[in-house]
1. What is the mean projected area of the alpha carbon convex hull for region 914-997, to one decimal in square nanometres?
2. Using a basic spin-label model with each label point 7 Å from the Cα along Cα→Cβ, how many nm lie between Val946 and Ala529?
3. Given contacts defined as C-alpha pairs under 8 Å and at least six residues apart, what's the relative contact order of the chain, whole-number percent?
4. May I ask you to list the GluC sites (Glu not before Pro) in region 900-998 that are in a DSSP loop and have at most 14 other Cβ atoms within 10 Å of their Cβ?
5. If amide H atoms are built 1.01 Å from N in the plane of the peptide, which residues on other chains or at least 5 residues away come under 5 Å of the amide H of Asp635?
6. Pop out the ³J(HN,Hα) list for region 635-646 in order, Karplus 6.51 cos²θ - 1.76 cosθ + 1.60 with θ = phi - 60°, rounded to Hz; leave Gly and Pro as x.
7. Computing the accessible area with a 1.4 Å probe over protein heavy atoms, can you report the carbon and sulfur percentage for the chain?
8. Rounded, prolate or oblate: which fits region 402-572, taking a ≥ b ≥ c as square roots of the Cα gyration tensor eigenvalues, rounded meaning a/c under 1.5, else prolate when a/b beats b/c?
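The values are calculated or read from the model by the stated rules, or taken from the named source; none is laboratory data. Since the model is a prediction, treat every value here as computed from it, not as a measurement. Note that we place each Cβ from the backbone using ideal geometry, even for glycine, and neighbour counts take in every protein chain shown. Side chains included, ligands, DNA and RNA excluded: accessible areas come from the protein's heavy atoms. Shrake-Rupley method; radii C 1.70, N 1.55, O 1.52, S 1.80 Å.
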Amino acid sequence: MPTIHLISHTHWDREWYLTFQQFRLKFIHLLDNVLDILESDDQFCSFLLDGQTIILEDYLEIRPDRKTQIERFIKNKRLFIGPWYVSPDEYLISPESHIRNLLAGGKICRALGGKMLVGYLPDTFGHIGQMPQILRGFQIDNACLWRGLDDHPCELEWQAPDGSRILLSYLRDSYSNAASLVTSDPEKFSSQVDDLVQSLGPYARSDQVLLMYGTDHMEPSPDLSKAVAYYQANDELYELLISNLPNYFTSVQASLASQSAKLQIMKGELRSSKHSPLLPNVLSTRIWLKQHNFTCENELLMWVEPFATWSQLLEYPQKQTAAVNAFRSGSSIVDQQPVIAYAWKLLMQCHPHDSICGTSIDQVHQEMRARFDQVDQINHELVRQGLFSISEHIDTQSSSPPNFSDGSAKMSAVIVVFNASDSLQTGLVQQKIMLEDHLGSSELLDSEGNPVVYEQAGMGSKELISMKLDRKAMKQAMNMIHEGNVAGLVIRDFKLTKQDGSALVQATLSDHAQVDNNKLKYGMGQMEAMLADPGVHEYIIQAYSDPEIEITLVARDVPPHGYRCYYLKGVATHEGNSPEPPKLNPIASRLIPIAGKLAQSPFFSRLLSGSEQKPTNKPQKMENEYFIVEAKPGDKGLVITDKRTGQILVDSNQLIDGGDSGDLYNYCPPQQDDVFTARIKSVMVDEYRTKQQLIVGYELQIPKELTRNRSKRGKVRVSVLITSTFQLVPGVPRIDIHTEIDNPAHDHRLRVHFPAPFHAEHAFHDGHFEIVQRPIGITTYDESREEPPRAEVPQCQFTAISSGGHSIMLANRGLPEVEVFINDKGNAEIAMTLMRCIGWLSRDDLTTRKGHAGPMGVATPEAQLDGRYAFDYSVIPGDGQWRTSVKHAYAFNTPFKAITTSFHIGNLLNTSSLVESSNPDFVITAIKMAEDGCGFIVRGYNNLPVSLNTTLRLFRTFKQVHLSQMDEEPLNPIPMSTQGLVALQVEAHKIITLRFVD
């Protein structure tokens with residue numbers, strides 16, 4: 001007799017068409033009722049809390065008195081929680097975020113009495129291919145999901161790229177397939193149950209049927225056990241149980257074993273939209289959410305955790321527990337692990353699918369911005385503390401270059417440049433240094449004593465102006481100040497003192513700092529009072545240059561997850577070789593009488609003779625050892641020539657805009673769409689010793705909005721202001737691009753295009769612990785689909801195409817939607833979405849989806865993205881071996897950071913690495929302290945379809961190394977050499993986790 005497993009549950013969207021606090025009040029009501037039912041009705045066997053534990057935190061913050069009761073029901077297997085902390089979107093968060101989600105969820109489950117070992121993924125908008133391997137890493141051998149499959153049976157096997165398999169329960173008719181059961185009418189209830197079983201029966205491969213009694217925010221029925229009892233007493237067709245998911249999976253496995261049944265195997269990612277919509281264009285809704293999330297994740301994973309770990313190992317080499325009871329001088333936190341865990345929790349609160357997808361009401365996303373900002377603040381301070389701590393351990397004195405201290409140096413400093421990427425990298429870095437004395441002629445040396453090309457803004461402290469003015473001249477001087485700037489310099493500080501009929505005005509001026517508006521406002525108010533004071537007759541002006549300078553250098557061959565020291569050597573100042581002053585518009589000397597007195601200063605005489613670079617309407621180009629980049633007004637894009645391969649990319653960085661009559665979930669072109677391509681209007685070249693830039697202004701006129709019936713774009717046009725800055729750096733084989741857009745239009749989608757000079761059949765997309773190969777274009781389909789397939793697909797950090805001896809890779813920072821298509825010339829073209837501007841949460845009049853996807857009639861004006869937005873991406877041309885460009889894409893997303901330190905003795909060399917891999921195809925994704933505080937974790941994966949060998953080199957040896965589960969439970973010991981080397985063989989697409997312990 002078939003067994004029916006009836007699961008009473010709720011699917012809880014923590015924030016969506018209501019805010020978090022509004023939904024929390026509803027959840028308190030729901031869980032109060034659940035607990036009361038479980039307490040009063042023993043036949044109401046169990047309730048499923050949606051697989052996420054954060055809602056229990058939300059509840060217990062208000063109802064701490066019910067914690068003991070909750071713990072009892074969890075331990076007695078009547079309340080099922082976990083394994084997740086939140087129910088995330090799988091594609092819009094980083095690979096590691098999935099593991100942190102399960103770690104956080106597991107910790108809460110252990111504290112409350114037990115975790116449900118089911119990969120419950122009921123409403124995720126598609127599923128990443130490595131999910132089976134991730135779940136296996138947390139000792140979960142099954143999953144339960146709805147979206148991403150089509151006419152498949154209810155029971156399947158799901159296989160990750162490494163071969164890991166789990167049992168998969170396909171919720172064919174959704175996680176709400178039994179939500180409409182009428183428990184108050186037992187006879188009708190029984191008939192409904194039989195109908196549901198009849199519907200699902202043909203697709204079942206076992207004699208177990210799963211009915212999900214619940215849906216979004218649905219409360220349990222107190223009549224359920226009575227209705228089930230009636231069915232059991234009167235229906236002889238099936239056995240009906242109030243059950244739970246672990247019991248269901250155990251029963252399915254037993255049933256399949258008894259039949260020796262072989263299940264269909266699903267391999268890799270699940271992204272079919274035939275049976276349920278995938279809602280694919282959430283990838284680009286409210287794009288700022290994706291960008292901010294990427295920044296927060298990247299800082300935590302690449303900077304905060306690795307360098308906090310290194311700092312911890314240096315500060316307490318023999319005591320690697322989280323609870324370090326030691327005093328640390330200064331402002332650094334001794335035990336950073338709880339702070340890091342708190343930052344992760346704040347960030348994961350932004351990861352539920354209705355949150356990170358951008359598909360909620362505007363207020364929800366305003367509240368997300370505050371969470372992101374808090375994570376940013378924590379990250380910034382923890383990175384500062386970590387880098388400072390490591391720099392204090394570097395032996396900058398005895399390991400400095402031998403020719404550094406040669407007697408001519410007047411001042412010196414050490415700049416430590418850090419590289420958070422996986423590979424040896426060259427890149428641009430800026431560092432501010434506070435100097436007490438004026439720095440004239442100087443040179444910068446690397447750790448081997450070789451001169452380094454650099455640029456300097458600022459001079460250190462130096463007197464710029466010393467003069468006396470009467471009241472009239474002082475008023476003229478005051479008129480020179482505009483928004484905190486005077487003669488091209490920023491007023492950094494402002495101080496006034498009255499002395500016996502005189503006013504002493506002391507100012508600090510900078511050529512690179514920002515205006516401190518509070519100081520400026522206060523100082524200007526004082527100055528106006530002094531000018532109105534009849535007792536003041538004379539004004540003494542003393543101006544000094546800012547003691548802070550900014551050094552820009554190209555740091556070469558900085559080791560992975562490590563640093564390299566650079567040494568600034570100052571030589572006695574001579575007026576003839578002083579640093580070049582900043583440039584000032586020469587008309588200032590004609591417009592302002594007081595400028596003549598300023599010109600008496602040698603510094604200002606040079607400043608006033610400068611010139612200003614102007615945009616031009618003539619063709620311009622820049623060039624380094626790798627590329628020639630050319631821009632011509634009137635063209636649609638730039639021409640990029642790869643000097644190594646001869647490959648020429650034409651019309652690169654085309655900006656193409658079309659209408660969008662869709663909603664927050666799906667892009668939908670209007671029935672009559674007009675597409676507009678921006679044209680280059682102006683070009684400006686900036687050339688420095690450390691970089692070259694082309695600053696390109698685009699002209700784009702587009703309709704302001706759709707017509708009232710939304711069938712086409714309106715007639716009124718608006719100008720979209722677009723500026724793209726293209727940058728070349730010596731030694732870096734990329735063209736980095738920063739694009740700023742001032743958007744006044746609604747109901748449109750703007751994408752950036754990079755046509756290739758070749759045809760391609762497949763594209764390669766950075767994914768979650770793998771590089772996903774997808775065919776270019778979409779397959780044929782019929783009208784039976786719930787949602788037509790879309791060509792836009794998800795990416796993490798890059799997309800690549802190649803053919804023969806050429807390739808193009810487009811890296812990005814937080815821009816997850818991309819399409820690769822074959823253009824009219826028969827060549828492949830990459831189109832990456834920058835902005836998708838829409839004004840409705842959900843609509844039912846789209847041609848790209850059947851029906852609605854959420855509450856109807858909810859306007860979301862902030863999703864129209866009015867105002868200024870910025871985007872960062874990088875094009876990486878190469879030869880046919882596109883994989884060699886992967887390290888450059890990852891490096892683009894981990895630009896160097898630097899810190900200034902003093903000369904001191906330490907236990908680290910002037911160039912070092914925490915950990916490095918000998919094989920670039922083994923990608924390190926995490927370096928962190930272990931969750932239990934015992935040792936630290938290094939995780940990475942093989943991004944190849946074949947096994948590889950690699951050797952990890954650590955900065956010192958450790959007593960024990962264990963291959964571990966992703967939940968950090970040790971498996972097998974691994975030998976480590978006396979040189980700190982660990983040899984590994986990693987199977988194809990395998991994720992491995994190592995624990996190092998002293």
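1. 4.8 nm²
2. A separation of 7.9 nm, rounded to one decimal place.
3. 12 percent
4. Of the GluC sites (Glu not before Pro), the ones in loops of region 900-998 whose Cβ has at most 14 other Cβ atoms within 10 Å are Glu987.
5. Distant-sequence amide H within range of Asp635: Ile680.
6. For region 635-646, the Karplus-derived couplings read 7, 7, x, 9, 10, 10, 10, 8, 5, 7, 10, x Hz, x marking Gly and Pro.
7. 49 percent
8. Because a/c hits 1.5 or more and a/b exceeds b/c, region 402-572 counts as prolate.
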